[in-house]
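J.: Here it is, the structure in full.
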Amino acid sequence: MAPVPLDNELVQRLKARFGEAIREATLDRKQAIVLVAVGKLREISGYCRDEEKFDMLTDLTAVDWPKREKRFDVILNLYSFPKNERLRLKAHAAESEAVPSVCAVWPVANWLERECFDMFGIVFEGHPDLKRILLPDEWQGHPLRKDYDILKQDTAWVRENLGIESGQ
Amino acid sequence: MALSYILFAFFATVAVVSAILMVTRRNIVHSAVSLITTLLATAGIFLQLRGEFLFVVQIILYVGGIMVLFVFVIMLVNLDISLRSVQFNRQKWVAGVLALVLGAQVVFAVWLGSGTLRLPPRHLAVMPARNTEAVGQALFSQYILPFEIASVLLLVAMIGAVVMAKRRV
Amino acid sequence: MADTRNNGGTWSGASNVETTVLGADEIILNMGPQHPSTHGVLRVKLKLDGERVVDSECIIGYLHRGVEKIAEHRSYQQFAPYVDRMDYVAAVSNGLGYCEAVEKLLGAEAPPRARVVRTILTELQRIASHLLWLGTHALDIGALTPVFYCFREREEILKIFEKYCGARLTTHAFRIGGLQYETYDGFEADVKRFCEDFATKIDEYETLLTENRIWVGRTKGVGKLSAEDAIALGVTGPVLRASGVKWDIRKAMPYAAYDQYEFEIPTRPTGDTYDRYVVRMEEMRQSRRICLQAVENIPSGPIMAKVGKVLKPPPGEVYHAIEAPKGELGYYIVSDGTTQPYRLRVRPPSFINLQAFDRMARGSLVADVVAIIGTIDIVLGEVDR
Amino acid sequence: MSHLTMPHLIPTSIQPYVLPVLWGVVIVAVLPLLAGYIVLLERKVMADMQARLGPMRVGPHGLLQPIADAVKLLLKEDIIPHDADRLMFWVAPLISVTMALLAYAAMPFGPAFQIADLNVGLLFILAISSLGIYGIVLGGWASNSHYSLLGALRSAAQLVSYETAAGLGLVSALLLAGSLSMREIVQAQYDQGEWFVFSVPIGFFIYLVGSIAETNRAPFDLPEAESELVAGYMTEYSGFRWSLYFLAEYANMIIVAGIATTLFLGGWLRPFPRFNDRLPGTSVEILDALPSLVFLGVAAYCFWLAPKQPVKIQKLVMGLVGGLCVALAAALAGSLFAPDAVRLGVHGGFWFMAKVMAYLYAFLWIRFTFPRYRFDQLMRLGWRFLIPLALVNLIAVAVALVVSQEWGWHPRVTTILATLATLSVAVWLASSDEKHETAIRTADGE
C-alpha cells in the first residue's frame, strides 16, 4: 500500500520539459502524484492544461505539516476530459512564502484559493481579489492550521459581534 | 333646488381650497393629491350640470390617466435634491402687480352684475338627457375638424415621446 | 462572510451601501441572507442599472461549521454522520462518497450485495434531490402547483429510507465497508411500486411546465453558460451536462455497482435554465431505470466486508469522487496511520457551481437572478461546510 | 327605480334617496364577507389542485376560516414605518377600498337589485376602478421603503397599460350593445338572443387577460412577487390596514367579474332566455327550476356529510349549512310562483352570481397553473400583443356591423368572419413577436 515511485510517459515528458522542477512522482493507491517546485507551479499548470489536456482543475487545497520547514502542501487535483485521467500536483510552500496563483490557467481557482487563504493563510500571488471567503473579514487566525486549537476561537470577534462572553 | 345649490357650493369650495393647498404645500406628493381633489371637484360640477359623460371622461382622462403619470414622475425623480433648491425666484413684485390687476377685473365684472352678461338661454345650459350620444354626434358631425386636429396633435406628442425615449435607452 | 460595515473595502471601489440611492444611475440591491428564494443563508449583492444586473458578489459563510477541522479530531466511523449534514438534501450520496473513499484508503472492497443496495438508495436520493430542486425552482418562478406534486413523490422515497434505516433526511445509511442493516423485507416491492407510478408522475410535471409558454419564456436564454466557461469554472453535474459536455462520473469512473446497469447521460446544447431543467428531468427518468434494473436481482451474500472495529488505514492519501445530484462530490483524505484522518478535504459541487453565478447573472434582469440561483441548485450546507 | 317590486313602505318622494342608501349599506356589509369567502374558495381550490386539503381546522371543512382571518387581522399590531408619511400612509388603503366599493354603484346584480342605473354605467365603473391605482401608488410611496416603492411603480405601470387593453376589449362588445348603461347592455343581449361572448370572443379573451392583469393576479402578480420584491407595495402594511388592501383587491376582482358577466355573459339572463316551454301542468319554465335543484343537491350533500363529521359542533354547523341551502332552494322555487318582477329579480340575482363565480373560478384556475411573467415580458405582452389585437378586433367588429347593416348579411355571419380575421392577425402578431423576442435574446446573449 505504500507509495510506489512512478515513471510513465507523462512523468518523463514533464521531466524532459521542466527538468529538476519535477521533484518526484509517486503512485499511491493507483493515483498519480507529482511533486513540483512551487516556483514553477504556474508554468507547469499551464503546460498540463494546454499540452497534457488536463482541462479541469477539480480541486485546490492544502495540507499543513507543521514539523517540516516548508510546512504547507498545496494540492491541485486535475482531470482530463479527453484522456479520462486524474493527476495530482503537489508543491511544498513555507509559511510566509507566496504561491503563484493559477487563476489565470483555471478560473475556478479564484474561490478555491480564497478558501485556502482563509483556512491556511497561504498567500496566492497574482490572485485578483484575495480575501476571506467563509470567515468574517476581521477574523484573526487560520482555523485549519494544526496549531490552531479547535477550542481556541477568535474570541475577540465573537465577543464583539455575537456578544458571547466565553466564546464557547 | 336647494340641494343643488348646497352641492354646488360644496364642490366649488373644495375645488378652490385644494387649489390653494396645491400651491402652498411643501411636500410635492401632497400638492399632487390636492390637484387631484381639485380635478375631482370640477368633475362633480360637471355632474351637477347633468353632464355624466363629461364627469366620467374627466375622471378617466385627467385623474385616472394624466395625474397617475404626474405621480409616477414625482416618485421617479429624486425628491430631496429638488426640495433643497430654492422654491421662489424673488419676482414677488411682478407677481403682486399682476394679481392685483386680475383681481380688479374680477371685482369689476361681479360689480356689473350678471344682467350685463349675454348668457345663452336657460335651458341650453343643461345638457340633453342621453348626453353620451349627444356628445358623440356633435363631435363627429359639427366639430369633426377640431377633432381631427386634436388627434394629429396627440399623434405628434406620442411620436415626440417615443423619439426622446429611444435615444436614452 | 465579507462584512459591509468597513468602508466598502469588500466592493471594488463602490461607496457604502447607504449612499447609492435610487436617484443615481446605479443602485446596490442586497438579496439575502434572509431572502425567501436564496435556498438558505446566501447573500447576493447586486449592482443594478435600472432592472439589469451589472455586477454581483455572493457573500457566503453564514452556515460555516468547520466540518474539515472537526474531521481531524474524529475517528473515521465517528465522522460519518457529519457528512450527511453537508448537503442535507442528498445525505445518502454524501455517505456513499465518504464510505467508498475510506474503503479505497483501507484497500477494502464492499461486497456485491452491499454495492447494489447502495446504488439503489443513492439513485432514489438523486430523484428526491431533483424533486426538491424542481419544486422550489418552480415556486421561485411563480408556479405554485409543482412544489406540492414533487413533495408528494419525495415523501414516498423518504418513507423507504425511514423503513430501511430509521431516518428520513440525514440518514447515515452506510458504514465503512458495506451496510449496517440488511434490507427490510418488502424493500424490493416498495422500490418497484415507487418506480412504476413515478413514470406517470414525471409526465404530469412535464405537461404542467415543459410546453408552458410562460415557463419557457422565463427560462429560455436565462443564465447562459457555454461549455468552455463551464469547464474553465470547474462546474460539474447537471449544470455542466446542460452546457453540452457529456461527462458523468458514473460512466467515466464507475463506482458502487453502476457498471452493471445501462443508462444514458442526458445533455443539452445551449446551457440555459431551460436546458438544465430538461437535463434534470431526464436524469430522474434515468435514475428510475437504474433502480428498476437493480431491484430485479439484488445478489445475496454478506453485506459487510471484514474491516474490523478499529480502522487504521496505512499512511498515504486518496482522492475519490462520486456523481452527487449537484455534481462531482470528492473526498481527499490524508491518513497518517492513526485512527483519525490527518486531513480530510471535501470537494463541494455546490460551492464551485455557485462561483459560476456571477458569469450567468451578469446582464440579466433582477427577476432572472432568482431563477439563476434556483437553476444552479445549491445547498448552503455544502457551500459553507 | 320604478320597476322595484319593494312594497311601497317608503313614501315615493324620498324613495330615490333612501333606496340607494339601503342597497349601498347591504353591499358594503355583504362585500367583506363575500370577499372573505372568496379567499376561502381560493385556498380550497388551490389545495384541491395541489393534492391537499386546504384549511380544515376552523369550522367544518374550514368554513369559518374567513371569520378567523378577519378577527386575526383586527387584533394584529398596526405598525407604521419610522419616517413614513403618516397622512399618506393612512389615506392610501382608504382610497383603494372606497374606490373599490364605490364601483358597485352601477353594478346590475339582478333586474331588481341595482343601485343606480346610470346611462354611463360602464364608463363610471371603469373610471372609479382606475382611481384605485392611487391607493397602490401612494401606499408604496408613503411606506418609504425601497422595495415597496419599486413594487408601487411597477404595479402602476402595469395597471395603466392593461387598463387600455381591457377597455378596448370592452368597447368591441359595446359596439354591439350600442349603449353604456349596464341594464341596456343586458337588454341588448336579450334582444339579439345571443351573449356577446359568442359574437365577440376575442374581445372577451382580451378583457379576460386584461382584467387578470388589472387586479394584479397571477400570472401578472409581479408587484407583490414574493421572490423579488417581498410583498410589493403592501410590504410595510400590517394588521387591519393591510386587510383593507386585501379587501380592495378582492372587491376589484368581483367588479371585474361583474363587468365581464354583464357585457359578455348576458348579466342576469338565464342561459336560454327565450326557451320557455313549461313543465307539464305548471306555469314553471323548465330552466327556471334548475337553480333550486342545484341548491337541493348541495343541501343533500351537506346532510350526507354531517353525520360523518368527527366533532359534534362540526355536525351541527354542517347541518346548518345544509339547512341554509334548503332555504335558498325553497326561496328560488317559491319565487317561481310569485309575481313576475320578484321571480325575475331572484332568479336574475342567482344567474348573475353564478356567472361571476364561474369567472372567478377561471381566475383561480389560471393562478395555479401558470408561473409568473417577468416584468418586461408582461409589458411586452400588453403593449405589443394585446393592445394592437384589441384595436384590430375593434375595427373588425365595426366593419362587421356596418356590413351586416348595409348589405343585409346576417349579423352572426359577419361577426364570425370578423373573429376569423382578428384570429389570423393574432397569429401573425404572436409569431412576429416570437421572432423579435429571440432576436433580442440572441443579441444580448453574446
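Read-outs throughout are calculated quantities, based only on the coordinates presented, and are distinct from any laboratory measurement. All figures in this text were calculated on a predicted structure; none of them were measured in a lab. Reconstructed Cβ throughout: ideal geometry from the backbone, glycine too, with neighbour counts over all protein chains shown.
J.: Out of the GluC sites (Glu not before Pro) in the stretch C:205-298, which ones are loop residues according to DSSP with at most 15 other C-beta atoms within 10 Å?
T.: Those that pass, being in a loop and sparsely packed, are C:211, C:262, C:264.
J.: Taking amide H atoms as placed 1.01 Å from N in the peptide plane, list the residues 5 or more away in sequence, or in a different chain, whose amide H sits under 5 Å from that of residue A:133.
T.: It is A:118, by chain and number.
J.: May I ask for the distance between the Cα centers of the stretch C:293-337 and the stretch A:34-56, given as a whole number of Å?
T.: Taking the Cα centre of each part, the stretch C:293-337 and the stretch A:34-56 sit 29 Å apart.
J.: Mind listing the long-range amide H neighbours of residue C:180? Cut-off is under 5 Å, sequence gap 5 or more, other chains count too, H placed in the peptide plane at 1.01 Å from N.
T.: Residues meeting the criterion, in which the H sits 1.01 Å from N, are C:175.
J.: Could you tell me the relative contact order of chain D? Use alpha-carbon pairs under 8 Å, at least six residues apart, and round to a whole percent.
T.: RCO, chain D: 19 percent.
J.: Compare the Cα positions of D:41, D:145, D:121 along the charge dipole of the stretch D:16-167 (+1 at Cβ of Lys, Arg; -1 at Cβ of Asp, Glu; about the Cα centre) and return the one farthest towards the positive end.
T.: Of D:41, D:145, D:121, it is D:41.
J.: Identify which of D:280, D:339, D:60 has the largest mean-square fluctuation in a Gaussian network model of chain D, with springs joining Cα atoms closer than 10 Å.
T.: Between D:280, D:339, D:60, it is D:280 that shows the largest mean-square fluctuation.
J.: Next question, about the same structure. Under a crude label model (7 Å from the Cα following the beta-carbon direction), how far is residue D:79 from residue A:151 in nanometres?
T.: 4.2 nm
J.: Evaluate the relative contact order of chain C (contact order divided by residue number), counting alpha-carbon pairs under 8 angstrom at least 6 apart; express in whole percent.
T.: 25 percent
J.: So what is the calculated 222 nm ellipticity per residue for chain C, using -39500 (n - 2.57) for each DSSP H run with n of 4 or more, over all residues, to the nearest 500 deg cm²/dmol?
T.: It lands at -14000 deg cm²/dmol.
J.: So what are the ³J(HN,Hα) numbers for the stretch C:94-111, from phi and the Karplus equation (6.51, -1.76, 1.60; θ = phi - 60°), rounded to whole Hz, Gly and Pro as x?
T.: 4, x, 4, x, 5, 5, 5, 4, 5, 4, 4, 4, 6, x, 8, 9, 6, x
J.: Something else: Treating only the Cβ atoms of Lys and Arg (+1) and Asp and Glu (-1) as charged, compute the dipole magnitude of the stretch D:27-93 about its Cα centre; round to the nearest 20 debye.
T.: That gives the stretch D:27-93 a dipole magnitude of about 340 debye.
J.: Using amide H atoms built 1.01 Å from N in the peptide plane, name the residues 5+ places from residue C:56, or on other chains, whose amide H lies under 5 Å from its own.
T.: When sequence neighbours closer than 5 places are left aside, the close amide H contacts are C:47.
J.: Okay, moving on. Please work out the Cα convex hull volume for the protein assembly as shown and give it in Å³ per residue.
T.: 241 Å³
J.: Now for a different question. When a footprinting reagent is the concern and you count Cβ atoms within 10 Å, what order do D:336, D:429 take, fewest first?
T.: Neighbour counts put them in this order, fewest first: D:429, D:336.
J.: Please report the spacing between the Cα centers of the stretch D:80-136 and the stretch D:39-65 in Å, no decimals.
T.: 29 Å
J.: Toward the positive end of the charge dipole of the protein assembly as shown, about the Cα centre and with charges on Cβ (Lys, Arg +1; Asp, Glu -1), which of D:75, A:99, D:206 goes farthest?
T.: D:75
J.: Given only helices, namely DSSP H runs of n ≥ 4 each adding -39500 (n - 2.57), what is the per-residue ellipticity at 222 nm of chain D, to the nearest 500 deg cm²/dmol?
T.: It lands at -24000 deg cm²/dmol.
J.: Here is a further query. Could you work out how far the C-alpha centroid of the stretch C:61-118 sits from that of the stretch D:282-326, in angstrom?
T.: If we compute the Cα centre of each part, the gap is 60 Å.
J.: If you don't mind, another one. Based only on Cα atoms, what Rg/Rh ratio does the stretch C:86-193 have, Rh being taken as Kirkwood's radius?
T.: Reported Rg/Rh, Kirkwood definition of Rh: 1.03.
J.: Suppose a student asked you for the relative contact order of chain A, using Cα pairs under 8 Å spaced at least 6 residues apart; what percent would you report?
T.: 15 percent
J.: Same structure, new question: I want the antiparallel fraction of DSSP beta bridges within the protein assembly as shown, as a percent rounded to 5.
T.: 90 percent
J.: With +1 on the Cβ of every Lys and Arg and -1 on the Cβ of every Asp and Glu, and nothing else charged, how large is the dipole of the protein assembly as shown about its Cα centre, in debye rounded to the nearest 20?
T.: The calculated dipole for the protein assembly as shown is roughly 1080 debye.
J.: Using a basic spin-label model with each label point 7 Å from the Cα along Cα→Cβ, how many nm lie between residue D:407 and residue C:251?
T.: So the label points at residue D:407 and residue C:251 sit 6.3 nm apart.
J.: Another question, then. Using a Gaussian network for chain A with springs between C-alpha atoms less than 10 Å apart, which of these wobbles most: A:40, A:67, A:30?
T.: It is A:67.
J.: Considering only Cα-Cα distances, which of the following residue pairs are longer than 23 Å: A:53/C:224; C:163/C:309; C:163/C:306; A:83/C:246?
T.: A:53/C:224; C:163/C:309; C:163/C:306
J.: Got a sec to turn the phi values of the stretch C:74-82 into Karplus ³J(HN,Hα) couplings, 6.51 cos²θ - 1.76 cosθ + 1.60 with θ = phi - 60°, whole Hz, x for Gly and Pro?
T.: 10, 6, 4, 5, 4, 7, 3, x, 4
J.: Test of understanding: ordering D:117, D:376 by Cβ neighbours within 10 Å, fewest first, what list do you get?
T.: Exposure proxy ranking, most exposed first: D:376, D:117.
J.: What is the magnitude of the charge dipole of the stretch A:4-101 about its Cα centre, with +1 placed on the Cβ of each Lys and Arg, -1 on the Cβ of each Asp and Glu, and no other charges, expressed in debye to the nearest 20?
T.: That gives the stretch A:4-101 a dipole magnitude of about 140 debye.
J.: Sticking with this one: When the Karplus curve 6.51 cos²θ - 1.76 cosθ + 1.60 is applied with θ = phi - 60°, which whole-Hz ³J(HN,Hα) does each residue of the stretch C:44-59 get, with x for Gly and Pro?
T.: Calculated HN-Hα couplings, in order: 10, 9, 9, 9, 10, 10, x, 9, 8, 7, 8, 8, 9, 9, 8, 10 Hz.
J.: Follow-up. Report the label-to-label distance for residue D:240 and residue C:285 in nanometres (one decimal), using points 7 Å from each Cα along the Cα→Cβ vector.
T.: Result for the modelled spin labels: 5.7 nm.
J.: Taking each full run of DSSP H in chain D as one helix, which ones are at least 20 Å long along their axis (Cα atoms) and have mean Kyte-Doolittle hydropathy of at least -0.5?
T.: Long hydrophobic helices here: D:15-49, D:86-102, D:121-142, D:146-177, D:239-264, D:286-305, D:312-337, D:340-369, D:387-407, D:411-445.
J.: Taking the Cβ of each residue in D:375, A:18, D:385 as the centre, tally the other Cβ atoms inside 10 Å and list the residues starting with the fewest.
T.: A:18, D:385, D:375
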